[in-house]
Amino acid sequence: MDPALALGFWGVTVLLVCTPGADWAYAVSVGVGGRALAPSIGGILFGYLVVVCAVAVGLGALVAANPVLMDVLTVGGALYLLWLGIGGLVRAAAPLTAHAETPAGSPLASFLRGAGVSGFNPKGLLVLVALVPQFTSTHTGWAPAAQMLLLGGMFVATCAIVYPAVAMLARRLLAARPRGTVIMARVSAIAMTLIGVSLLAERVAQLW
């Protein structure tokens, strides 16, 4: 595979992954909410691995070319983010003592939440569908699907570095500040809620 194309894709990927969005909001909520980092971030990575594989076999292009499927994905992802965001706001509104007594949830539940955030993220799918094919080349011995898997793997690997760092930084900075933790939990919940609302509003605007 052309090293220049791979390096160019990685540069774009770093910029995109480092841009705050739903993944960042969830990573911050994991960091300040007391949930285990490994299953939560692992869920995000697994969700994106599924998307990468779908893009490589052509399902991503099918979704991108079908407005109805994209509408369903967008609305589903927006509703899921609203569910997470509103649930986070409800938990953040509880007294500080309640936060200390509330269990963080099972590792499986944390994994599934993370997988839902990335797997149902229409923005992430669009990024992979739009970007990955542009960085593949026909002048190489690699099959297009293999190139897409490699590029998608680079994207997931970058997420594996950035998102744990975000979660651990949030946990470290706010561990000794209970009130600050509640505030940050509310901010991350509001962010997920606003992203969900914006996705729904964007889809409604396009329909009109």
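The values are calculated or read from the model by the stated rules, or taken from the named source; none is laboratory data. The shown structure was predicted, so the numbers you read here are calculated from the model rather than taken from an experiment. Reconstructed Cβ throughout: ideal geometry from the backbone, glycine too, with neighbour counts over all protein chains shown. What goes into the accessible areas is simple: the full protein's heavy atoms, side chains included, and nothing from ligands, DNA or RNA. Shrake-Rupley method; radii C 1.70, N 1.55, O 1.52, S 1.80 Å.
Checked against the criterion of being in a helix (DSSP H, G or I), at pLDDT below 65 and of a type in the set (Lys, Arg), the stretch 87-96 has at least one qualifying residue.
Condition check ((1) touching a strand residue (DSSP E or B) at 6+ places or on another chain (Cβ under 7 Å); (2) within 26 Å of Val197 (Cα to Cα); (3) modelled with pLDDT under 85) across all residues:
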{"site": "Val127", "(1), (2), (3)": "no, yes, yes"}
{"site": "Ala130", "(1), (2), (3)": "no, yes, yes"}
{"site": "Gln134", "(1), (2), (3)": "no, no, yes"}
{"site": "Ser137", "(1), (2), (3)": "no, no, yes"}
{"site": "Trp142", "(1), (2), (3)": "no, no, yes"}
{"site": "Leu151", "(1), (2), (3)": "no, no, no"}
{"site": "Met154", "(1), (2), (3)": "no, no, no"}
{"site": "Val162", "(1), (2), (3)": "no, yes, no"}
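Summed over the stretch 154-163, the residues that are touching a residue at least 12 places away in the same chain (Cβ under 8 Å) and open to solvent by 30 Å² or more (accessible area, probe 1.4 Å) give a count of 2.
Here Thr193 fulfils each of the conditions (1) crowded, with 16+ Cβ neighbours inside 10 Å; (2) modelled with pLDDT under 75; (3) of a type outside the set (Gly, Ala, Ser) apart from (2). Taking the criterion of being modelled with pLDDT under 85 and within 23 Å of Leu151 (Cα to Cα), the residues of the stretch 21-48 that qualify are Gly21, Ala22, Asp23, Trp24. Checking the stretch 196-203 against the condition returns a match, with at least one residue being open to solvent by 40 Å² or more (accessible area, probe 1.4 Å), at pLDDT 80 or above and either among the hydroxyl-bearing types (Ser, Thr, Tyr) or under 22 Å from Ile86 (Cβ atoms) (or both). Selection of the stretch 1-39 for residues being among the small types (Gly, Ala, Ser), over 14 Å from Leu169 (Cα atoms), touching a residue at least 60 places away in the same chain (Cβ under 8 Å) and part of a helix (DSSP H, G or I) yields Ala6, Gly8, Ala22, Ala38.
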